[in-house]
Amino acid sequence: MKRTITALVNNTAGVLNRITGLFARRHFNIESITVGVTENPAISRMTFVVLVDSMENIEQVTKQLNKQVDVLKVKDITDESIVARELALIKIVVTPQQRGEVAALVNTFRASTLDVGRESMTIQITGDQPKVEAFIDLLRPYGIKELARTGITAFNRGNKKALNDPYRLSLIN
């Protein structure tokens, strides 16, 4: 089963290595990992999507992660209300005659064209994993020359109290 785990860590050298080493020692396959600085430059957020056999294994790993010196907070957010996105850059083989077809796909998926060459196009898409997968599948018949994906980055949605806040609702609308 897939689990999504976030960790807030001190933004120091070697933290990522120590944490991924812990996953490796437990024989967990990291399907996706993203790391970036937060609103506080001293803290980074890590998002892991890992494949696990049982809930007991994931609980054990989260406990061990919490014991790491530079780890501030670890949370399994798989079953919670979250915002999750992925970015993919896709370079496809395309003839001038096919560009219109591809442009229609780009518009439908709210992707964007980053580069157009004589025989290729580079497209960027962001969204949840099923959307990115569906878009890539539609581009496969053109011939994918290169593909780079960021992996999922995620955090919890605002709490219910905040969602009902009239000030916040005015910002959303």
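The values are calculated or read from the model by the stated rules, or taken from the named source; none is laboratory data. Quick caveat: nothing in here was measured; it's all calculated off a predicted structure. As a convention, Cβ positions derive from the backbone with ideal geometry for all residues, glycine included, and neighbour counts pool all protein chains shown.
Out of (1) more than 23 Å from THR150 (Cα to Cα); (2) in contact with a helix residue (DSSP H, G or I) (Cβ under 6 Å, 6 or more places away or on another chain), the odd one out for GLU56 is which?
All conditions are met except number (2).
Being on the phi < 0 side of the Ramachandran plot, in contact with a Phe, Trp or Tyr (Cβ under 9 Å, 6 or more places away or on another chain) and surrounded by 19 or more Cβ atoms within 10 Å (Cβ to Cβ), is that true of even one residue in the range 9-20?
Within the range 9-20 (the criterion being on the phi < 0 side of the Ramachandran plot, in contact with a Phe, Trp or Tyr (Cβ under 9 Å, 6 or more places away or on another chain) and surrounded by 19 or more Cβ atoms within 10 Å (Cβ to Cβ)), the answer is yes, since at least one residue qualifies.
State yes or no: is MET46 assigned by TED's automatic domain parsing to the domain that holds LEU8, surrounded by 17 or more Cβ atoms within 10 Å (Cβ to Cβ) and touching a strand residue (DSSP E or B) at 6+ places or on another chain (Cβ under 7 Å)?
yes
Those residues that are part of a strand (DSSP E or B) and surrounded by 13 or more Cβ atoms within 10 Å (Cβ to Cβ), I need them from the range 113-146; list them, please. Show your work before the answer.
Filtering the range 113-146 for residues part of a strand (DSSP E or B) gives 113-116, 120-127, 144-146.
THR113, VAL116, SER120, MET121, THR122, ILE123, GLN124, ILE125, THR126, GLY127, ILE144, LYS145, listed by residue number.
Could you tell me whether PHE155 is under 21 Å from the mean Cα position of the chain (by Cα) and closer than 21 Å to LYS73 by Cβ?
Yes.
Could you list all residues from the range 1-40 that are of a type in the set (Val, Ile, Thr) and free of Cβ contacts under 8 Å to residues at least 24 places away in the same chain?
Of everything in the range 1-40, those that are of a type in the set (Val, Ile, Thr) and free of Cβ contacts under 8 Å to residues at least 24 places away in the same chain turn out to be THR20, ILE30, VAL35.
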